[in-house]
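All remarks here apply to the structure that follows.
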Amino acid sequence: MPPEIRTVQDLLGHLGRHPADPAAHCLLGDVYAQSGKWVAAAAQYRTALALGASTPGLPDRLATAAKAIAAQPVEAIGHNVHFRIQWLARHVRELFPTGGFSLLDAGGGDGRLATLLPDAEYVLAEPDTNGVFVTPELSFGRKFDGVVCCHVLEHIPIDLRDGFLDVLCGMANDYVLLLNPVVDSHTDLKAWQQLIFDVTGAKWAKEHIDCVFPKLEEITSFAERRGYRYRVRPNGSKALSLAIVFMDHFSRAGKPGEAAKINRMFNSLPLDSLDNAEWPNAYLIEIAVKK
C-alpha cells in the first residue's frame, strides 16, 4: 500500500480515488474484521475478490467472516432492514436463477446484501463503508450483470438524478434494480417523517425530512426516455414499517430484549405475507438496460 495510508480515513480516501484497488479493499476488510464488523468485512473481501485480488489467505478470511455472520441470531437485525434485504435478494435470484452473476451494490450500507448472494461476484460502492461514491467518474474497469441501488435516490439532488441513473445504467450489462420509497399521493410523507424525528430523534429521519422523495412516474419516465424496458413491483407495507420504527424505539428505550423477540417473530414470516400493494413501503423499479 502507498506509504501515505496510515489511518482508516486515509484508506477510505485512497479507495475514493482508486475504487478498483483490490488490495486496499482487502486491507479495509481486515480492519472491519479486527473490530468484529463481520458483515462489512465480508463485503470488502468479496469486493476485493471480484476486482481480482490475489492476496494470500483471502478466501480463508472470507470464510471466517461468513462463519461469524452465520452464527448471528435472526433477531440481530431489525425487521425493516431484514425484510428489505431478503426481498431484494430474492428478486435478484429470480433474474439470475443459475447463479454465477456479477453485482454492483450502489449505496449498499455495510454490504449485508452480499451475505444472501454468496455466489455473486459482488462489489460494494458505499461512501460510509469503503469511501466509494457513485459519480460519472467512477470506474471499476468492468461492468456488472446487475446493479442494485436501495433507498438511495431520495438523497440525490433532483437535478442530478437523471445523471445518477445514467451512471448506474452505464455500469450494467442487464439490469438496474432501484428499490426506493416514493411520494405517495395518499400520504403526507413529510408529516410521517417529522413524527418519526420528533419521537425518536433519529438522524436518518432528519435526513429524510430534508430530502425530496422521487415520484414513481419520475423514475419510470427516465426509463421511457432512455428507451429501457421496465417493471414495477410494490415492496413491503408502509403501515408495518412505521410501526416497527416506533416499536424499536420504545422497546430499546426500556426493554431492549423485547425488540429482539419481536424482530425474531417478524423476521421469520414469509416475505409475501408482508407486502401491501395498497400502501407499500417502497417500489422496486427493474430497468432492463440490455436492448
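Of everything in the stretch 141-163 that's crowded, with 19+ Cβ neighbours inside 10 Å and farther than 26 Å from D275 by Cα, which residue is modelled with the lowest pLDDT?
Result: I156.
Filtering the stretch 179-204 down to residues that are under 18 Å from V152 (Cβ atoms) and free of Cβ contacts under 8 Å to residues at least 12 places away in the same chain, which residue is nearest to the chain's Cα centre (by Cα)?
In this case the residue turns out to be W204.
Can you pull out every residue in the stretch 280-291 that is part of a loop (DSSP other than H, G, I, E, B) and either free of Cβ contacts under 8 Å to residues at least 12 places away in the same chain or buried (at least 16 other Cβ atoms within 10 Å of the Cβ) (or both)?
Residues of the stretch 280-291 part of a loop (DSSP other than H, G, I, E, B): 280-281, 289-291.
Selection gives P280, N281, V289.
Would you mind stating whether S251 is loosely packed, with under 13 Cβ neighbours inside 10 Å, assigned to a helix (DSSP H, G or I) and either among the small types (G, A, S) or not assigned by TED's automatic domain parsing to the domain that holds R84 (or both)? Give the derivation first.
Working: loosely packed, with under 13 Cβ neighbours inside 10 Å: no; assigned to a helix (DSSP H, G or I): yes; either among the small types (G, A, S) or not assigned by TED's automatic domain parsing to the domain that holds R84 (or both): yes.
The answer is no for S251.
Could you tell me which of the residues T47, T64 is in contact with a strand residue (DSSP E or B) (Cβ under 7 Å, 6 or more places away or on another chain) and β-branched (V, I, T)? Break it down into steps so the answer makes sense when it comes.
Values: T64 fails: in contact with a strand residue (DSSP E or B) (Cβ under 7 Å, 6 or more places away or on another chain).
Result of the check over T47, T64: T47.
Which of the residues spanning the stretch 1-51 are under 24 Å from K143 (Cα atoms), assigned to a helix (DSSP H, G or I) and free of Cβ contacts under 8 Å to residues at least 40 places away in the same chain?
If the condition is that a residue be under 24 Å from K143 (Cα atoms), assigned to a helix (DSSP H, G or I) and free of Cβ contacts under 8 Å to residues at least 40 places away in the same chain, then R17, P22, A23, A24, C26, L27, G29, A41, Y45, A48 are the ones that fit.
Within the stretch 126-140, is there a residue that is among the acidic types (D, E), in a strand (DSSP E or B), more than 22 Å from N263 (Cβ to Cβ) and in the same structural domain as L168 (by TED's automatic domain parsing)? Write out each step before concluding.
As a first pass, look at the stretch 126-140 and keep what is among the acidic types (D, E): 126, 128, 137.
The next check asks that each one be in a strand (DSSP E or B); those that pass are none.
No, the stretch 126-140 has no match at all.
Restricting the search to the stretch 179-219, which residues are outside any loop (DSSP other than H, G, I, E, B) and in contact with a Pro (Cβ under 9 Å, 6 or more places away or on another chain)?
N180, L189, H208
Could you pull out the residue among D198, D174 that is at pLDDT 85 or above, in contact with a Lys or Arg (Cβ under 6 Å, 6 or more places away or on another chain) and in the same structural domain as R142 (by TED's automatic domain parsing)?
Values: D198 fails: in contact with a Lys or Arg (Cβ under 6 Å, 6 or more places away or on another chain).
Checking each option against the conditions leaves just D174.
So, V167, is that one in contact with a Lys or Arg (Cβ under 7 Å, 6 or more places away or on another chain) and touching a residue at least 24 places away in the same chain (Cβ under 8 Å) or not? Talk me through it step by step, then tell me what you get.
Details: in contact with a Lys or Arg (Cβ under 7 Å, 6 or more places away or on another chain): no; touching a residue at least 24 places away in the same chain (Cβ under 8 Å): yes.
Spelling it out, it is not the case that V167 is in contact with a Lys or Arg (Cβ under 7 Å, 6 or more places away or on another chain) and touching a residue at least 24 places away in the same chain (Cβ under 8 Å).
The values are calculated or read from the model by the stated rules, or taken from the named source; none is laboratory data. What you see is a predicted model, and the numbers here were worked out from it, not measured in a lab. Neighbour counts are summed over all protein chains in view; Cβ atoms, including those assigned to glycine, are modelled from backbone coordinates with ideal geometry.
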